[in-house]
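Take a look at the structure set out below.
The values are calculated or read from the model by the stated rules, or taken from the named source; none is laboratory data. In this text, all values refer to a predicted model and were calculated from it rather than measured experimentally. Cβ placement follows ideal geometry from the backbone for every residue including glycine, while neighbour counts extend to all protein chains displayed. Remember, those area values only see protein heavy atoms, side chains included, never the ligands or the DNA or RNA. Shrake-Rupley method; radii C 1.70, N 1.55, O 1.52, S 1.80 Å.
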Amino acid sequence: NWSLTLTDTNLFHLPAGPVGFAGIAEYGNSYFGLKPDPLSLDGSYYGLHNAGAVGSRSHEAIGYEFNVPVFSRLTVTTAGRYDRYEYSDTSAGKFTYALGLEYRPIQSLLLRGSLSTGFRAPDLSYLYAGLNGSSSGGTDYYLCRRDEPDTGPDFIENCSNGDVGFNGRSHGSTTLQDETSKSFTYGFVFAPTPNFDVSADYYHIKLNNEVEYQDSDTILREEADCRLGKTLSGTPVDGNSAFCRQIESQVVRNAATAAYNPEGVTSVLVLPINAAIEETS
């Protein structure tokens, strides 16, 4: 990684004081490599298999920050930066910004607030992880609902397919989107004497497109909805939708004519997806 920074630069003077400036330019490259134990590649470890992974990503960024004393009692800070990532056949870039205000109505009281956005590219392990997995298990909701619809609300426990074993699989995905965030804060500092002060601040942060791995139980529930054309509560589901085609492709089953465990689940693939929204205040 290389970075060039410019700080503590006064551009010009306003009646309330100098306008400060800082700038930054960055370039970097990251490499990710995973070499698993060879015994985990050929099935020597019971119920465990892994594949190697390799990938790299380049990153460029440029940013600025200004400190502007608008009045003797009001100071504004503003900042922005543009980040760009390139990996595989994907390039992603985003501009993020921040704005801050500080107002001092009297010498002993400071009011402050800020608004900002954030941007984060997916971790390399989420992008390039190779195929891996281990023995897993769960409920075959499709066969339970199709073949034993009268087992009642406790069909998971009562259904003969309520506890089945299968091969759990996962791998990375270079189609992941970037995580983004927005946040704002406001508060005050009251210092009536040089030896005593009180402060209070409120902040709110919302993170979008957070990356997490799918859950195999959720996939099996959704697969049943898609194959049967409705949810457990009876809401219609379009089994020909792109979503259903994707979900059904992640659940591998034996053929209906198989001598052993016909139509039974043999493996479930879980992928990293932009699924989570996180809020903190």
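Brief remarks follow.
- Cα Rg over Rh - the stretch 87-126, Kirkwood: 1.33
- Cα convex hull of the chain - mean projected area over all directions, nm²: 23.3 nm²
- Equivalent ellipsoid semi-axes - Cα gyration tensor, the stretch 107-232, angstrom: 51, 21, 13
- Listed residue (Gly138, Ser241, Phe66) projecting farthest to the positive dipole end of the chain, Cβ model: Phe66
- Most mobile listed residue (Pro38, Pro194, Pro122) in the chain, GNM with C-alpha springs under 10 Å: Pro194
- Residue with peak Gaussian network fluctuation, the chain [Cα springs, cutoff 10 Å], from Tyr142, Tyr128, Tyr45: Tyr45
- Sum of -39500 (n - 2.57) over DSSP H runs of 4+, divided by residues of the chain (222 nm, nearest 500): -3500 deg cm²/dmol
- Span from the the stretch 83-120 Cα centroid across to the the stretch 220-263 one, whole angstrom: 44 Å
- Annotation: Cα Rg of the stretch 197-238 relative to the compact-globule expectation 2.2 N^0.38 Å equals 2.21.
- P(r) of the stretch 54-161 over all Cα-Cα pairs, binned every 10 Å from zero, in whole percent: 11, 20, 14, 15, 16, 13, 9, 2
- Among Ser108, Ser216, Ser183, the largest mean-square fluctuation in a Gaussian network model of the chain, built with springs joining Cα atoms closer than 10 Å, belongs to Ser108.
- Kirkwood hydrodynamic radius over Cα pairs of the stretch 1-123, then Stokes diffusion coefficient at 10 °C and 1.306 mPa s, in µm²/s: 86 µm²/s
- Our note on the geometry: Cα centres of the stretch 195-210 and the stretch 158-184, 32 Å apart.
- Take the Cα of Glu26, step 7 Å toward its Cβ, do the same at Asp215, and the gap between the two points is 3.4 nm.
- Taking the convex hull of the alpha carbon positions in the stretch 3-74 and averaging its projected area over all directions gives 8.6 nm².
- Size descriptors for the stretch 206-281, from the alpha-carbon set: Rg then Dmax equal 15.3, 57 Å.
- Normalising the average separation of contacting C-alpha pairs (under 8 angstrom, six or more residues apart) by the number of residues puts the relative contact order of the stretch 159-263 at 17 percent.
- Taken over the stretch 58-106, the convex hull of the Cα atoms encloses 52 Å³ per residue.
- For the chain, relative contact order (Cα pairs under 8 Å, six or more residues apart, normalised by length) works out to 14 percent.
- Assigned charges on the beta-carbon of Lys, Arg, Asp, Glu; the chain dipole about Cα centre (debye): 980 debye
- Ligands, DNA and RNA left out, the 1.4 Å accessible surface of the stretch 100-232 is 51% carbon and sulfur atoms.
- Solvent exposure of the chain as accessible area per residue, Å², 1.4 Å probe: 60 Å²
- Every Cα-Cα pair in the stretch 104-149 was counted, and those over 12 Å apart are 82% of them.
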